[in-house]
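This report concerns only the one structure given below.
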Amino acid sequence: MQRQRRLTQLSAPGVARLCLVVALLPIIAINLAYLVSLLFGVLPTCFPYLQGCTSISSVGRVNPSQWIFKPIMLVSAALIAWLYLAAGRRTQAPGARRDAVAICGFIGACALLLYLVFLGTEGPVYRLLRRYGVSLYFGCIFLGQLLLARRLRLQLPDHPAPRWMIAIAALLLAMGLASIPISNFVADKDQIENVIEWNFALLLHLNYLPAWRAIPALGLPKRALTDQPGSGADGR
């Protein structure tokens with residue numbers, strides 16, 4: 001228990017460094033693994049962010065790129081859980097019994113971990129995890145980022161970084177909503193869905209960079225924060 005408490009009681013600069021790692025590590029894993037798959041000729045060649053010739057899941061389940069993708073992403077999942085527990089503790093309102101930021105991030109990290117464990121297997125379990133596990137990861141992390149951005153904006157009203165987080169979150173929401181009619185009404189939808197997936201993942205991970213810039217401004221002492229001043233709405 002004491003060790004767990006020490007792990008989540010990171011200083012503001014420590015949480016900020018963790019944001020930077022969590023931002024860059026998945027992007028490196030996804031793109032490096034795709035480049036390796038191209039070198040070995042196991043996946044089609046394109047610029048997936050615009051052409052969508054393959055999915056991120058395909059990159060993670062073919063040889064030899066899976067040996068880059070899966071280990072780095074497993075480490076990323078652990079670091080994501082750590083980040084949200086530490087960031088939630090750093091920004092949590094005093095006296096709150098539950099931390100919405102930590103809960104969202106932890107569930108998202110667990111969904112990513114479960115998806116990675118079954119990635120590359122066959123059968124209905126994998127198809128279920130691919131469809132809903134990734135959606136749960138994206139959804140929970142999106143919500144966790146939005147809640148964290150709101151806390152940072154209340155704590156640092158003059159800092160531009162929280163507003164950037166909210167703007168990126170709005171773009172992510174628009175992409176997510178756009179994918180619903182595409183999935184249900186477009187016949188040849190794979191390419192479009194792949195483009196959305198690649199760009200959604202990129203923006204989701206880049207959205208930690210504004211937090212990396214903002215969190216050090218909180219200073220070393222932990223300061224009280226509420227999502228709604230005076231209301232105790234953050235899990236109390």
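Assorted remarks:
- Among the residues of the stretch 164-183, the one identified as open to solvent by 60 Å² or more (accessible area, probe 1.4 Å) and touching a residue at least 40 places away in the same chain (Cβ under 8 Å) is 164.
- Positions within the stretch 34-54 being of a type in the set (Ser, Thr, Tyr) and buried (at least 18 other Cβ atoms within 10 Å of the Cβ), in sequence order: 34, 37, 54
- Which numbered condition residue 116 misses (of (1) open to solvent by 10 Å² or more (accessible area, probe 1.4 Å); (2) touching a helix residue (DSSP H, G or I) at 6+ places or on another chain (Cβ under 6 Å); (3) among the hydrophobic types (A, V, I, L, M, F, W, C)): (1)
- Scanning the stretch 83-96 for residues that are in a helix (DSSP H, G or I) and among the polar types (S, T, N, Q) returns a single hit, 91.
- Per the conditions (1) within 23 Å of residue 98 (Cα to Cα); (2) surrounded by fewer than 21 Cβ atoms within 10 Å (Cβ to Cβ); (3) at pLDDT below 95, the sole criterion not satisfied by residue 218 is (2).
- Qualifying residue in the stretch 150-161 (condition: over 22 Å from the mean Cα position of the chain (by Cα) and exposed (fewer than 14 other Cβ atoms within 10 Å of the Cβ)): yes
- The listed residues are 80, 107, 68, and the only one of them that is surrounded by fewer than 20 Cβ atoms within 10 Å (Cβ to Cβ), not basic (Lys, Arg) and not in a loop (DSSP other than H, G, I, E, B) turns out to be 107.
- Applying the criterion of being among the aliphatic types (A, V, I, L, M) and closer than 18 Å to residue 208 by Cα to the residues of the stretch 121-149, the residue that is surrounded by the most Cβ atoms within 10 Å (Cβ to Cβ) is 148.
- Applying the criterion of being of a type in the set (Phe, Trp, Tyr) and more than 18 Å from residue 159 (Cβ to Cβ) to the residues of the stretch 191-215, the residue that is surrounded by the fewest Cβ atoms within 10 Å (Cβ to Cβ) is 200.
The values are calculated or read from the model by the stated rules, or taken from the named source; none is laboratory data. What you see is a predicted model, and the numbers here were worked out from it, not measured in a lab. Cβ: placed from backbone, ideal geometry, glycine included. Neighbour counts: every protein chain shown. Just so you know, the surface numbers come from the protein's heavy atoms only, side chains and all, with ligands and any DNA or RNA stripped out. Shrake-Rupley method; radii C 1.70, N 1.55, O 1.52, S 1.80 Å.
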